[in-house]
Amino acid sequence: MFALFKVCPLYKVRAVSFAAILLLASCNNNQQEGQKEIAVETAAAPMLFESLSETETGISFSNTLTETETLNVLEFEYFYNGGGVAVGDFNNDGLQDIFFSGNMVPSRLYLNKGNLKFEDITKQAGINTSGRWASGVAVADINNDGYQDIYVCVTGKVNPQQRKNLLYINNQDNTFTEAAQQYGLADDSYSTHAALFDYDKDGDLDLYLLNHTLEEQNPNLLRPQLRNGSGKNTDKLYRNNGNNTFTNVSKEAGILVEGHGLGVAISDINQDGWPDVYVSNDYLSNDILYLNNGNGTFTDKAATYFKHQSQSAMGNDVADFNNDGLVDIITMDMLPEDNLRSKLMFGGMNYDRFMAEIKNGYVPQHMRNTLQLNNGDASFSEIGQLAGVHSTDWSWSPLLADFDNDGYKDLHITNGFPKDITNRDFIMYRMQGLNSNVPTEVLNKQFMKVIDQLPSAKKSNYMYRNQGDFTFSNQTKAWGLEVPSFSNGAAYADLDGDGDLDLVTNNINGKAFVYRNNAEKQIGNNFLRIKLQGDKANAAGNGTKVRLSREGKEQFQEYSPYRGFMSTVEPLLHFGLGKDSKIAAVEVTWPDGKVQRLENVKANQVLTLAHKDAVASKKPKQKAAAQLFQSANTKYKINYTHKEEPYIDFKVQPLLPHKYSQNGPSISVGDVNGDGLEDFYIGGAFKYPGRVFLQSKNGTFTSAAITDQTKFEEDMGSLLFDADGDGDLDLYVVSGGNEFPVNSPYFQDKLYKNDGKGNFTLDMQALPNTTSSGSFVTAADIDGDGDLDLFVGGRMRPQGYPAPAKSYILLNEGGKFRNATAQVCPALQKLGMLTAALWTDFDMTTQ
Amino acid sequence: MKSIKSLLLLLVIPILLGCEEKHDQAGLDKFSQSQLIVWNRHLSEIIIKDIFTPPVASRIYSYPNIAAYEALAPAYPAYKSLSSQYNGLSAIPQPDNTKELYYPVSSIIAFSTVGKKLILDELKIEEYEAEYLAELKKIGIREEVLNNSIAYGREVGEHILAWAKKDGYVETRALTRHVVSAKPDTWQPTAPDYMPAVEPHWNKIRPFVMDSAAHFKPQLATKFDSSATSDFYKEAMEVYSIVKNIDEEKLLIARFWDDNPNISYTKGHVTYFQQKLTPPGHWVSIASSAIRKNKLDMMEAAETYVMVTTALADGFISCWDAKYAYNSIRPDTYIERYIDPDWDPILQTPPFPEFPSGHSVISAAAASVLTHKFGDSYAFIDSTQMAIGLPVRKFNSFNEAAFEVGESRIYGGIHFRPACDLGAEQGKAVGNYVVSKLQTRKAGQTAKL
């Protein structure tokens, strides 16, 4: 954390009354404002979504699971992972049909008959997945005959024969023929989902298969992630041979990193024109970012692109949510929203384990949803908490799509788990009295009894409205989606052709949800839907990018319908337009680089863009926009790395929210040698001296340690100000930190006197005894005697968080300071844990 | 109306009791003889459910048994108070001679009074106590005697608690947690739960009879070395090959003495813990069975428990002092790092440093005390683990059982041999010191059977 102290204006301060507004770490006011805002929105948007019953839709699918003594969540850890939803127009009538995958019940195919009426044609279609634990569903025209086929992933603790994935080839007459074996896609991995994309840009669709394994006893057992393809839970890549057969090319393509895959997305994340793969992995295994090298191989770059990830990542979505033209990434985890449940579900993580994971080569992982904001420079910033979408309980599918057609993609999340197995009470105490040294049948009976007693985590799904400012507001209730359920896969599609996105979810032990979106009536925003007509064997146009520009606003989407969790969304690109009835420009870029640009496009239509209308791009490849800020360390010769000695605050206070021993470095800026150029001081941590950086005429800096002695104080805030009235800037350094016991001599603050040339000498006599673990210092003339007095803020009682710390008022008496806190403002002696203060004349008395 | 009725009842009951108060001395004596066995079992059950770690469990066993001993001793002229023999224990309050007491009741009440404050589930102790008192009344005990006895038991219990309060336990709760070192020879958190190290400051607990925690500190036998030709490596290879070639018998031995109070089982996102007896609990159970089999009277039972639990408690203090002084690496970490990255021990590695083996130390300590009491050729059947579905084991002596404990830790893959061998020596020294230090009988009264 940086504390920046600008010194110059302080010279001008003459007489300001003592009115320090203290910025404490409290956000009560903000919260109230936030609530008000939501209230206003609620009134404006009543029940956007309307739940449709089975009788209305004809959709009766329920992913019903029946626990037995041998088949339950203790025997089969992915028992409650649920199934997917796939949307596709299987009879080419322009209406989107729906496929639900079933785990212990057969999967179902429903034809859209219009007006949100559906017909179950599973049986006559020849689709029969009974006896297979169907998981993810991917829709694509795999044999390139103009009709959508269905690839069904299969898993389960069964023999490999029963785990073979299924490929239903569309016979063009509402019937299908299973032909996975024939196509070379009858893979018997433990599959979660599949995504089709043209990784080698040969014009046809290849298949990425997302896998997990159920053969590992403890997937959180700490060992380095296997990166050589030997893991049983390694994903696979199948290349399309162009003759209705596929070949497993995983090894040569570098698909070698293991992971308990629960989410896969295809997107050109580094914008080099080649589709990349993002894989979210459950348990200890890190997520994978396979960048397409453009030569048939991939390289995992997750460790360099992300600073941290979700711990037990489930589904994901990759889409541009802040309309900057760059795709962002969201992954799901299990953190509950309310305090009680978040404590009950507290994961098994501790500091030592966390550090051991890092030592084993893992990118840090945290139990919460992560929203990775694309910085456009091969890095992402995780803002899930800032955006307000990090805690949605046991979550599966995130879908970023514009549900209210206001031009910003909102966020729908499914969640729920029928047995609350990560509840700490269950983990610690529920098995008491259970005897493991008995025959398996007896043990299973005991387990069943415990499982039966386990409560469920039946939670409402979440719907967040994108507020256009990097944050989301929870509209679950206001938009009519507050119904507790165990929902897994989900897909959006404009099922009724009214220009907004309806929602379908696959639920465990409950009827599938079908929600009609009433945006057209409730909100009346405009929209543009784009249907792609690709070429050759990629008629759907997977990997095609569409960019909308309208009055300085930009919207971006990339076509890949495999999103969220185990699901396939509608085969169109849907853009909300707010009140705009025209789009200045629509630009489509096909995977082969051909571009078509349309101007003044009318809103509220389904626009078909065909590859044949595009031309080779004349524009040179767009260079990434220059960043506002760029590192200038080399240019200015400021090569400084702040270092800290390891100290683990948690070993003293295990419940601390974060370390307090590493709050530095601070920096203060001022012209210390009177040459008219700004210099600065950087505080040093325990055992590291602070350094003074002097600016030379050419703008570069040279630095020197402020002392050559070993110093033990932890420098916190500092201030350059004229303490002794000799016209130069002296340096006050606050000592703080959490490493030392209460009243340690290392909490003594220091005042360095300047000889006018930027040489500082410690004045041992200048300061009274200070024993507080401090954080900052700020100056003003509070007694009107023409010199600067000081307020020194106390940060914390060392090793005693959150007890308040002493703060000080130091009166300047000719360059020496006297502690006058008790006389001037006794309340400051125990004010709290301060991080900043501001002098201001709020009553305008010029005091 | 209601209040008048109860008022009448209040008046009537004392009159009835006063008229024909039953007091069955023989029945009470018969009942009381086994009560310390019963109460130590109660304590074990609560320790299991409250999930205390082994060193903490040893502390929980020791104080109630000392209280029980002290509250019973006044009834037995041959026995001495241990007050001046324990570190820091001042003279025990003496009973009022003008009052009539039944000391076995005082003894149990002293036990429960102390026990209640050392565990978490206080309600359970209250329940057990209510059951106990109801049983006494059912047999027949004069109200006045009962009340006098309870009062004295409480008094002794409070005295012991006041002493216990100053043993450093409370203070150690607030001390710094163990910091994992990066040095190659040091303990690292181990699979599957990577739990933080247990009780790094247990050497700051006041020893019961030892001069200091470091009184019997063993020397580290083998210098850490990762090279394949080193002695340390060879010791690791011994563990590695034993685990690799484990047979039914060794597997059973490892499990029989596992005594890990909190074992986790993981299946995907499902993790659950199962609790069982601690190592000190196992030895209290062995002591109980010897007491029962020899039909010891209550005083001698109290004497046996006090000796055994003190040896266990000092054994832990002594062992933990060495554990954190040496902070040595577990086989799990060493073997995974230098021999076989996919290696797993048979037993889950307990979360604290390797040397010396805690179970070896405290088993040898308890065995020494029990040998002193029951002789070196006392053959017995240990049926402790039947409760968790394991068969009984037969031993020719306590020392033989203690020796098997050491071997079991190697079979289980959680200790190297020197930790067990030197741990046993350390434990024996602690046990013998307890025997020499605690004088339970007055001069001329034999302490042996």
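The values are calculated or read from the model by the stated rules, or taken from the named source; none is laboratory data. Model, not experiment: these values are computed from the prediction. We place every Cβ from the backbone using ideal geometry, glycine too, and count neighbours over all the protein chains shown. Accessible surface is based on the protein model in full, side chains and every heavy atom, while ligands, DNA and RNA are left aside. Shrake-Rupley method; radii C 1.70, N 1.55, O 1.52, S 1.80 Å.
Of note:
- Residue match in segment B:139-149 (condition: without any contact (Cβ under 8 Å) to a residue 24 or more places away in the chain, part of a loop (DSSP other than H, G, I, E, B) and among the basic types (Lys, Arg)): no
- Residues in segment A:628-648 that are at the interface with chain B (Cβ under 10 Å from one of its Cβ atoms) and open to solvent by less than 60 Å² (accessible area, probe 1.4 Å): A:Tyr647, A:Ile648.
- Residues satisfying the stated conditions in segment A:622-652, i.e. modelled with pLDDT under 90 and in contact with a Gly (Cβ under 8 Å, 6 or more places away or on another chain): A:Ala624, A:Ala625, A:Gln627
- For segment B:421-429, the count of residues that are farther than 30 Å from B:Lys223 by Cβ and in contact with a helix residue (DSSP H, G or I) (Cβ under 9 Å, 6 or more places away or on another chain) is zero.
The rows are residues; the columns are (1) within 15 Å of B:Asp121 (Cβ to Cβ); (2) part of a helix (DSSP H, G or I); (3) open to solvent by less than 10 Å² (accessible area, probe 1.4 Å); (4) within 14 Å of chain A (Cβ to nearest Cβ).
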{"site": "B:Asp29", "(1), (2), (3), (4)": "no, yes, no, no"}
{"site": "B:Ser32", "(1), (2), (3), (4)": "no, yes, yes, no"}
{"site": "B:Leu36", "(1), (2), (3), (4)": "no, yes, yes, no"}
{"site": "B:Lys49", "(1), (2), (3), (4)": "yes, yes, no, yes"}
{"site": "B:Phe52", "(1), (2), (3), (4)": "yes, no, no, yes"}
{"site": "B:Val56", "(1), (2), (3), (4)": "yes, yes, yes, no"}
{"site": "B:Arg59", "(1), (2), (3), (4)": "no, yes, no, no"}
{"site": "B:Ile66", "(1), (2), (3), (4)": "no, yes, yes, no"}
{"site": "B:Ala71", "(1), (2), (3), (4)": "no, yes, yes, no"}
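- The residues on offer are A:Ser381, A:Ser342, A:Ser395, A:Ser391, and the sole one that is hydroxyl-bearing (Ser, Thr, Tyr), under 16 Å from the mean Cα position of the chain (by Cα), open to solvent by 20 Å² or more (accessible area, probe 1.4 Å) and more than 10 Å from chain B (Cβ to nearest Cβ) is A:Ser381.
- The lone criterion from (1) at positive phi; (2) open to solvent by 10 Å² or more (accessible area, probe 1.4 Å) left unmet by A:Glu739 is number (1).
- You will find that of A:Gly593, A:Gly576, A:Gly543, A:Gly552, the residue that is closer than 30 Å to A:Ser487 by Cβ and open to solvent by 10 Å² or more (accessible area, probe 1.4 Å) is A:Gly543 and no other.
- Filter result for A:Ile451 (aliphatic (A, V, I, L, M), within 14 Å of another protein chain (Cβ to nearest Cβ) and not in a loop (DSSP other than H, G, I, E, B)): yes
- Exactly one residue among B:Leu123, B:Leu101 is in a loop (DSSP other than H, G, I, E, B), at pLDDT 95 or above and open to solvent by 20 Å² or more (accessible area, probe 1.4 Å), and that residue is B:Leu101.
- For segment B:122-152, filtering for residues that are aromatic (Phe, Trp, Tyr) and within 20 Å of B:Glu100 (Cβ to Cβ) leaves 2.
- Odd one out for A:Thr192 among (1) of a type outside the set (Gly, Ala, Ser); (2) part of a loop (DSSP other than H, G, I, E, B); (3) within 14 Å of chain B (Cβ to nearest Cβ): (2)
- For segment A:90-104, residues that are open to solvent by less than 40 Å² (accessible area, probe 1.4 Å) and closer than 18 Å to A:Gln124 by Cβ total 6.
- Residues of segment B:254-291 that turn out to be of a type in the set (A, V, I, L, M, F, W, C), within 14 Å of chain A (Cβ to nearest Cβ) and assigned to a helix (DSSP H, G or I), as a count: 2
- A:Tyr362 meets all of the listed conditions (1) within 14 Å of chain B (Cβ to nearest Cβ); (2) open to solvent by 20 Å² or more (accessible area, probe 1.4 Å) but one, namely (2).
- Test result for A:Leu262, in a loop (DSSP other than H, G, I, E, B), within 14 Å of chain B (Cβ to nearest Cβ), touching a residue at least 60 places away in the same chain (Cβ under 8 Å) and of a type outside the set (D, E, K, R): no
- Residues in segment A:418-443 that are more than 9 Å from chain B (Cβ to nearest Cβ) and buried (at least 19 other Cβ atoms within 10 Å of the Cβ): A:Pro418 only.
- Long-range neighbours under 7 Å by Cβ, at least six apart or interchain, first residue touching a residue at least 24 places away in the same chain (Cβ under 8 Å) within segment A:507-532, second crowded, with 21+ Cβ neighbours inside 10 Å and assigned to a helix (DSSP H, G or I): A:Val514/A:Thr57; A:Asn525/A:Ala519
- Check on A:Phe90, in a strand (DSSP E or B), within 30 Å of A:Tyr147 (Cα to Cα) and either more than 14 Å from chain B (Cβ to nearest Cβ) or over 35 Å from the mean Cα position of the chain (by Cα) (or both): no
- Output for segment A:651-678, where each listed residue is of a type outside the set (A, V, I, L, M) and crowded, with 21+ Cβ neighbours inside 10 Å: A:Tyr660, A:Ser661, A:Asn663, A:Gly664, A:Pro665, A:Ser666, A:Ser668, A:Gly670
- If you go through segment B:377-433 and pick out every residue that is surrounded by fewer than 24 Cβ atoms within 10 Å (Cβ to Cβ), hydrophobic (A, V, I, L, M, F, W, C) and in a loop (DSSP other than H, G, I, E, B), you end up with 3.
- Of everything listed in (1) polar (S, T, N, Q); (2) farther than 21 Å from B:Val56 by Cβ; (3) more than 14 Å from chain A (Cβ to nearest Cβ), the single unmet condition for B:Ser360 is (2).
- A single member of A:Asp535, A:Asp498, A:Asp494 is within 30 Å of A:Thr55 (Cβ to Cβ) and more than 30 Å from the chain's Cα centre (by Cα), and it is A:Asp498.
- B:Pro218 being within 12 Å of chain A (Cβ to nearest Cβ), in contact (Cβ under 8 Å) with a residue 60 or more places away in the chain, open to solvent by 10 Å² or more (accessible area, probe 1.4 Å) and not polar (S, T, N, Q): no
- Members of segment A:792-827 found to be buried (at least 23 other Cβ atoms within 10 Å of the Cβ) and either within 30 Å of A:Ile648 (Cβ to Cβ) or modelled with pLDDT under 95 (or both), listed by number: A:Val792, A:Gly793, A:Gly794, A:Arg795, A:Met796, A:Pro798, A:Ala805, A:Ser807, A:Tyr808
- Residue count for segment B:150-182, restricted to those that are in a loop (DSSP other than H, G, I, E, B) and open to solvent by less than 10 Å² (accessible area, probe 1.4 Å): 1
- Any hit, segment A:475-493, residues being of a type in the set (A, V, I, L, M, F, W, C) and surrounded by fewer than 20 Cβ atoms within 10 Å (Cβ to Cβ): yes
- Within segment A:300-321, being within 18 Å of A:Ala195 (Cβ to Cβ) and within 14 Å of chain B (Cβ to nearest Cβ) holds for A:Ala313, A:Met314.
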